[in-house]
1. Only one of these is buried (at least 23 other Cβ atoms within 10 Å of the Cβ) and closer than 21 Å to SER15 by Cα: ALA313, ALA244. Name it.
2. So for segment 114-133 (the condition being within 25 Å of VAL282 (Cα to Cα) and in contact with an Asp or Glu (Cβ under 8 Å, 6 or more places away or on another chain)), does at least one residue qualify?
3. Consider segment 1-18. How many of its residues are surrounded by fewer than 16 Cβ atoms within 10 Å (Cβ to Cβ) and of a type in the set (D, E, K, R)?
4. Restricting to segment 266-316, name every residue that is closer than 18 Å to ASN175 by Cβ and within 14 Å of the ligand (Cβ to nearest atom).
5. Can you tell me which residue is farthest from the chain's Cα centre (by Cα) among those in segment 247-262 that are more than 28 Å from LEU41 (Cβ to Cβ) and surrounded by fewer than 23 Cβ atoms within 10 Å (Cβ to Cβ)?
6. Taking into account only those residues within segment 96-120 that are in contact with a strand residue (DSSP E or B) (Cβ under 7 Å, 6 or more places away or on another chain) and assigned to a helix (DSSP H, G or I), which is farthest from ARG131 (Cα to Cα)?
7. Looking at segment 176-185, is at least one residue modelled with pLDDT of 95 or more and closer than 27 Å to ARG73 by Cα?
8. Looking at GLU136, is it crowded, with 23+ Cβ neighbours inside 10 Å, charged (D, E, K, R), assigned by TED's automatic domain parsing to the domain that holds GLY228 and at pLDDT 95 or above?
Amino acid sequence: MGIIDLRSDTVTRPSQAMRKAMATAAVGDDVYGEDPTVNRLQEKAAELLRKEAALFLPSGTMANQASLRTLTRPGDILLAGEGAHILRYESGAPAALAGIQVQTIGRDGLFDGADVRAAIHPDEAHYAPTRAVAIENTHNASGGRVFPLDRLKDVVSAAQERGLALHLDGARLFNAVIATGTAASVWAEPFDTATFCLSKGLGAPVGSLVCGSAEAIRRVHRARKLLGGGMRQVGILAAAGLYALEHQVERLADDHANARRFADGLEKLGFAVDPPPETNMVMFGVDDTTGFLRAIRARDLWINPMREGQFRAVTHLDVSESDVDEALERIGEVVAEGIR
Ligand code: TLP
């Protein structure tokens with residue numbers, strides 16, 4: 001067996017069937033709004049999240065940042081959970097592109113209405129105004145956790161009471177849908193702008209959607225253009241997204257089962273897995289980050305450290321149950337060498 005790549009669910013390659021859908025897609029110039037496949041994808045996304053409109057963008061980062069620009073003004077504060085992708089992995093974009101400050105609240109990506117209320121300063125003459133709240137669901141840096149629906153509703157009522165806009169970073173929204181059985185439209189309902197990515201667990205090579213009211217999407221469309229995200233005959237990529245939505249949503253359950261299988265195996269080898277996997281990520285502790293990384297790499301097992309002493313393994317379309325077992329075998333060999 002060759003390389004087993006558990007670095008992220010972004011590493012999947014399009015299948016022959018997906019490539020065929022891409023090769024035969026009808027296309028047009030999307031900057032003129034004339035690409036029929038992009039239009040079909042946007043309609044499908046809006047329908048799934050039960051919003052008036054949706055827009056196709058090249059990346060989850062651009063989907064987040066184009067949205068945030070429309071919800072805030074320079075100098076504003078955006079509230080987000082600890083380790084939010086928006087803050088941690090988007091190259092400083094909230095400050096650079098929207099001119100906003102991100103203030104983290106709660107713990108491990110989760111927070112509630114009281115955290116939102118407590119974070120708002122009463123006096124806008126001295127403090128930056130808090131304008132919006134972002135929720136990441138599932139939450140990447142805390143191990144693919146689902147934001148519990150009752151806590152989400154509590155956050156929404158605090159935000160609405162204080163007149164704050166709501167943004168959903170739903171890069172892995174469909175993992176939350178499959179893990180809970182709660183529809184995407186229910187998760188997305190209170191948000192002014194709600195994103196999801198085609199290029200993560202859904203297995204398409206590229207692309208994200210922002211969904212919202214017709215007015216919200218008109219504004220995001222303008223921000224996309226400003227950020228250089230207007231694309232042309234991009235139905236070729238939208239076709240991959242449509243294929244993913246039609247064929248590769250239900251199978252996320254397999255990734256979740258594989259993550260649990262991997263976590264169980266790691267625990268049997270004596271690793272601490274924390275938190276227990278809810279979706280397709282497994283966070284586990286190691287004593288020797290550099291040594292462990294070197295030893296698994298030498299065995300063609302690719303897993304990235306999240307921080308010193310902690311690795312994140314992600315299951316996906318290109319990882320089978322037997323790959324998981326093989327990955328555990330290789331880690332077993334590393335442990336036998338005294339590295340963990
Ligand atoms: N996450 C990537 C890395 O950037 C860390 C990964 O491998 O998990 N929101 C969330 C919650 C994400 O996890 C990601 C990508 C994005 C947004 C950005 O998506 P892209 O990479 O399409 O810009």
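1. Values: ALA313 fails: closer than 21 Å to SER15 by Cα.
The conditions single out ALA244.
2. Going through segment 114-133, the residues within 25 Å of VAL282 (Cα to Cα) turn out to be none.
Looking for residues that are within 25 Å of VAL282 (Cα to Cα) and in contact with an Asp or Glu (Cβ under 8 Å, 6 or more places away or on another chain), one finds none in segment 114-133, hence no.
3. Residues flagged as surrounded by fewer than 16 Cβ atoms within 10 Å (Cβ to Cβ) and of a type in the set (D, E, K, R) within segment 1-18 amount to 2.
4. So the first thing to find is which residues in segment 266-316 are closer than 18 Å to ASN175 by Cβ, and the list is 273, 275-283, 306, 312-316.
Once the filter is applied, which keeps residues that are closer than 18 Å to ASN175 by Cβ and within 14 Å of the ligand (Cβ to nearest atom), segment 266-316 yields THR279, ASN280, MET281, VAL282, MET283, MET306, ARG312, ALA313, VAL314, THR315, HIS316.
5. Only one residue fits best here, namely ARG261.
6. Only one residue fits best here, namely ASP115.
7. Initially, segment 176-185 is screened for residues modelled with pLDDT of 95 or more, giving 176-185.
Keeping just the survivors that are closer than 27 Å to ARG73 by Cα gives none.
No: segment 176-185 contains no residue that is modelled with pLDDT of 95 or more and closer than 27 Å to ARG73 by Cα.
8. On the way: crowded, with 23+ Cβ neighbours inside 10 Å: yes; charged (D, E, K, R): yes; assigned by TED's automatic domain parsing to the domain that holds GLY228: yes; at pLDDT 95 or above: yes.
Considered against the rule, which asks whether it is crowded, with 23+ Cβ neighbours inside 10 Å, charged (D, E, K, R), assigned by TED's automatic domain parsing to the domain that holds GLY228 and at pLDDT 95 or above, GLU136 comes out as yes.
The values are calculated or read from the model by the stated rules, or taken from the named source; none is laboratory data. Keep in mind it's a predicted model, so treat the numbers as computed, not measured. Cβ: placed from backbone, ideal geometry, glycine included. Neighbour counts: every protein chain shown.
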